[in-house]
1. Evaluate the following for R117: is it at pLDDT 80 or above, within 16 Å of the ligand (Cβ to nearest atom), part of a loop (DSSP other than H, G, I, E, B) and open to solvent by 40 Å² or more (accessible area, probe 1.4 Å)?
2. Go through region 1-17 and count every residue that is out of contact with any helix residue (DSSP H, G or I) (no Cβ under 7 Å at 6 or more places or on another chain) and either open to solvent by 60 Å² or more (accessible area, probe 1.4 Å) or under 17 Å from A86 (Cβ atoms) (or both).
3. From the residues in region 57-94 that are touching a residue at least 60 places away in the same chain (Cβ under 8 Å), crowded, with 17+ Cβ neighbours inside 10 Å and away from the ligand (no atom under 16 Å from the Cβ), which one is farthest from R28 (Cα to Cα)?
4. Could you list, in sequence order, all residues of region 101-110 that are part of a loop (DSSP other than H, G, I, E, B) and either at pLDDT 95 or above or away from the ligand (no atom under 11 Å from the Cβ) (or both)?
Amino acid sequence: MVSPKDALLVAYPGRFTLVTATSWVQVRRDLLAARIGPGADWPLAVSSGCAATGVRLHGAAVSRDATHALRRLDAGLGTACEQCGATLVFERFDGVPAAVRCTGCAPRSAVGTRWCR
Ligand SMILES: [Zn+2]
């Protein structure tokens, strides 16, 4: 199994050093972990609501998506689209921390939204 850090170094050559890749993985893990479970800080995650459903408060969905993204990250799969396998455009993580699909595969209504994948 590829470590999340090694997956990052391979997927985005030249963008990271060993140290910055390790930091990025840790920050992303923390960001996702903060959205999981009953104690999660959901208000932080629902500022703009879900574009697909229009629902502003969707903590359970946020938690589910974050859990899924965290599992893929830990499995070394966090840089690849789960549908087509393409490397995710790096900037996608800034807009959608729980992204697991590329913008071509994600539901059109969810592209560019902050918490829906
Ligand atoms: Zn894709």
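1. Numbers: at pLDDT 80 or above: no; within 16 Å of the ligand (Cβ to nearest atom): yes; part of a loop (DSSP other than H, G, I, E, B): yes; open to solvent by 40 Å² or more (accessible area, probe 1.4 Å): yes.
So R117 fails the test.
2. Within region 1-17, the subset out of contact with any helix residue (DSSP H, G or I) (no Cβ under 7 Å at 6 or more places or on another chain) is 1-3, 6-7, 10-15, 17.
Keeping just the survivors that are either open to solvent by 60 Å² or more (accessible area, probe 1.4 Å) or under 17 Å from A86 (Cβ atoms) (or both) gives 1-2, 6-7, 10-15, 17.
Residues meeting the conditions: 11.
3. Restricting to residues being touching a residue at least 60 places away in the same chain (Cβ under 8 Å), crowded, with 17+ Cβ neighbours inside 10 Å and away from the ligand (no atom under 16 Å from the Cβ), the top hit is G76.
4. Initial filter on region 101-110 (part of a loop (DSSP other than H, G, I, E, B)): 101-107.
P107 - this is the single residue of region 101-110 that is part of a loop (DSSP other than H, G, I, E, B) and either at pLDDT 95 or above or away from the ligand (no atom under 11 Å from the Cβ) (or both).
Every residue, every condition in (1) under 28 Å from A21 (Cα atoms); (2) part of a loop (DSSP other than H, G, I, E, B); (3) at pLDDT below 80, yes or no:
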residue	(1), (2), (3)
S48	no, yes, yes
A51	no, yes, yes
V55	no, yes, yes
V62	yes, no, yes
H68	yes, no, no
G78	yes, yes, no
Q83	yes, yes, no
A99	yes, yes, no
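The values are calculated or read from the model by the stated rules, or taken from the named source; none is laboratory data. Treat the numbers as computed from the prediction; the structure is a model and nothing was measured. Neighbour counts run over all protein chains shown; Cβ positions are idealised from the backbone, glycine included. Side chains are part of the model used for accessible areas, which takes the heavy atoms of the whole protein and leaves out ligands, DNA and RNA. Shrake-Rupley method; radii C 1.70, N 1.55, O 1.52, S 1.80 Å.
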